[in-house]
Amino acid sequence: MENTAKKYNFDFSNFTLETSLRAKNVWLKITGDKGLVVVIPKGFDSRRIPALIQKEKEWIKRQAERVHQQNLQYQWENSLPDKIHLQSVDEIWNVKYHKASFPEVRLYGDNAGTISLWGDVEDKRKCRLALFLWLKNKTQRRLVPILKRISQETGFSYNRVAIKGQKSIWASCSQKKNINLNFKLMMIPRRLVEYIFLHELCHTVVLNHSRRFWNLVAKWEPRYKEYNKELCSVWRSLPAWVHK
């Protein structure tokens, strides 16, 4: 199932206006902290700005998306969690980091809701990979049984399941009825996880997104439009460190 919120939604009504004594013409720029900045020469009629923004709307959208992706990349490279909320199973895990002499990063969990990473914890990439593996294992143990249950309830069978870390989709189903699940599913509400599983199981019957497919989904989950909309905002709320 695709995440439909891949693009950055830019608000064209908000911009920062700056007057420059050096500027001879109006120019636009996008920054990470200010968003859209409109630079005008002294004496320029500011009432003309909305029309100029409208004229350059497509350029602004492209630049805003580029800056947004750069910000996400920066956050991804410089963030590690101290807590992980697994909404799908109603668990909150504390994360502790311990520097040790060995070059790899090893992850240990306990029954008190704490996971500890030991080793070269200054290497954020190694830490993220260890956390991703932990999330994959959690997904296999905790969410795949839910998929099996829904498969039995609906009668929609599948072949096998793989756990991945896809960049832009929650899950997918192949022509051979193989289902791929995103470990990020661990971090969203259970009702949305169950809906995504139903969605993919319906693809074992109808592989496309035709009217026949959505009619089949609606038969089992009449609120599917509401859930599709909610999934857009949920994707945007995921912490930066889980995005590869």
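The values are calculated or read from the model by the stated rules, or taken from the named source; none is laboratory data. This one's a predicted model, so the numbers in the text were calculated from it and none came from an experiment. Don't worry about glycine lacking a Cβ; one is built from the backbone with ideal geometry, like all the others, and counts go over all protein chains shown.
Yes or no: Gln175 out of contact with any His (no Cβ under 8 Å at 6 or more places or on another chain) and modelled with pLDDT under 95? Break it down stepwise before answering.
Values: out of contact with any His (no Cβ under 8 Å at 6 or more places or on another chain): yes; modelled with pLDDT under 95: no.
When the stated conditions are applied, Gln175 does not pass them.
Being under 20 Å from Leu86 (Cβ atoms) and part of a helix (DSSP H, G or I): is that true of Arg212 here? Before you say what the answer is, go through the steps one by one.
Working: under 20 Å from Leu86 (Cβ atoms): no; part of a helix (DSSP H, G or I): yes.
So Arg212 does not fit the description; no.
Tell me the residue from Ser157, Ser168, Ser88, Ser101 that is closer than 30 Å to Phe15 by Cα and either modelled with pLDDT of 95 or more or assigned by TED's automatic domain parsing to the domain that holds Phe213 (or both), please.
Checking each option against the conditions leaves just Ser168.
Test Leu117 against the criterion of being farther than 20 Å from Arg191 by Cα, surrounded by 13 or more Cβ atoms within 10 Å (Cβ to Cβ), touching a His at 6+ places or on another chain (Cβ under 8 Å) and not acidic (Asp, Glu), and give yes or no.
Working: farther than 20 Å from Arg191 by Cα: yes; surrounded by 13 or more Cβ atoms within 10 Å (Cβ to Cβ): yes; touching a His at 6+ places or on another chain (Cβ under 8 Å): yes; not acidic (Asp, Glu): yes.
It is true that Leu117 is farther than 20 Å from Arg191 by Cα, surrounded by 13 or more Cβ atoms within 10 Å (Cβ to Cβ), touching a His at 6+ places or on another chain (Cβ under 8 Å) and not acidic (Asp, Glu).
Considering only region 13-56, state which residues are surrounded by 12 or more Cβ atoms within 10 Å (Cβ to Cβ) and assigned to a helix (DSSP H, G or I).
Ile49, Pro50, Leu52, Ile53
Which condition breaks for Thr154 when tested against (1) touching a strand residue (DSSP E or B) at 6+ places or on another chain (Cβ under 9 Å); (2) surrounded by 17 or more Cβ atoms within 10 Å (Cβ to Cβ); (3) hydroxyl-bearing (Ser, Thr, Tyr)?
With (1) touching a strand residue (DSSP E or B) at 6+ places or on another chain (Cβ under 9 Å); (2) surrounded by 17 or more Cβ atoms within 10 Å (Cβ to Cβ); (3) hydroxyl-bearing (Ser, Thr, Tyr) applied to Thr154, the lone miss is (1).
Would you mention how many residues in region 120-151 are crowded, with 17+ Cβ neighbours inside 10 Å, closer than 28 Å to Glu194 by Cβ and more than 22 Å from the chain's Cα centre (by Cα)?
Residues in region 120-151 being crowded, with 17+ Cβ neighbours inside 10 Å, closer than 28 Å to Glu194 by Cβ and more than 22 Å from the chain's Cα centre (by Cα): 2 in total.
Being loosely packed, with under 13 Cβ neighbours inside 10 Å and of a type outside the set (S, T, N, Q) is the filter here; which residues of region 235-244 pass it?
First, the residues of region 235-244 that are loosely packed, with under 13 Cβ neighbours inside 10 Å: 236-237, 244.
Arg236, Lys244, listed by residue number.
Are any of the residues in region 230-243 acidic (Asp, Glu) and in contact with a Cys (Cβ under 6 Å, 6 or more places away or on another chain)? Show your work before the answer.
Taking region 230-243 as the starting set, the residues that turn out to be acidic (Asp, Glu) are 230.
Imposing the further condition that a residue be in contact with a Cys (Cβ under 6 Å, 6 or more places away or on another chain) reduces the set to none.
Within region 230-243, none of the residues are acidic (Asp, Glu) and in contact with a Cys (Cβ under 6 Å, 6 or more places away or on another chain).
For region 196-220, name all the residues that are in contact with a Cys (Cβ under 9 Å, 6 or more places away or on another chain) and buried (at least 18 other Cβ atoms within 10 Å of the Cβ).
Passing the criteria: His199, Glu200, Leu201, Cys202, His203, Thr204, Leu216, Val217.
State whether the residues of region 70-81 include one that is among the hydrophobic types (A, V, I, L, M, F, W, C), surrounded by 12 or more Cβ atoms within 10 Å (Cβ to Cβ) and in a loop (DSSP other than H, G, I, E, B). So that I can check it myself, show each step before the final result.
Of all residues in region 70-81, those among the hydrophobic types (A, V, I, L, M, F, W, C) come to 72, 76, 80.
Now narrow it down to the ones that are surrounded by 12 or more Cβ atoms within 10 Å (Cβ to Cβ): 72, 76, 80.
Add one more test, that the residue is in a loop (DSSP other than H, G, I, E, B), and what stays is 80.
There is at least one residue in region 70-81 that is among the hydrophobic types (A, V, I, L, M, F, W, C), surrounded by 12 or more Cβ atoms within 10 Å (Cβ to Cβ) and in a loop (DSSP other than H, G, I, E, B).
Okay, residues lined up against (1) surrounded by fewer than 18 Cβ atoms within 10 Å (Cβ to Cβ); (2) among the aliphatic types (A, V, I, L, M); (3) without any contact (Cβ under 8 Å) to a residue 24 or more places away in the chain; (4) closer than 24 Å to Arg142 by Cβ:
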position: Tyr158; (1), (2), (3), (4): no, no, no, yes
position: Ser174; (1), (2), (3), (4): yes, no, yes, yes
position: Lys184; (1), (2), (3), (4): no, no, no, yes
position: Glu194; (1), (2), (3), (4): no, no, no, yes
position: Pro222; (1), (2), (3), (4): yes, no, yes, no
position: Ser233; (1), (2), (3), (4): yes, no, no, yes
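Only one residue in His85, His98 is touching a helix residue (DSSP H, G or I) at 6+ places or on another chain (Cβ under 8 Å) and assigned to a strand (DSSP E or B), so which one is that? Spell out how you get there, then give the answer.
Numbers: His98 fails: touching a helix residue (DSSP H, G or I) at 6+ places or on another chain (Cβ under 8 Å).
That would be His85, the only listed residue that is touching a helix residue (DSSP H, G or I) at 6+ places or on another chain (Cβ under 8 Å) and assigned to a strand (DSSP E or B).
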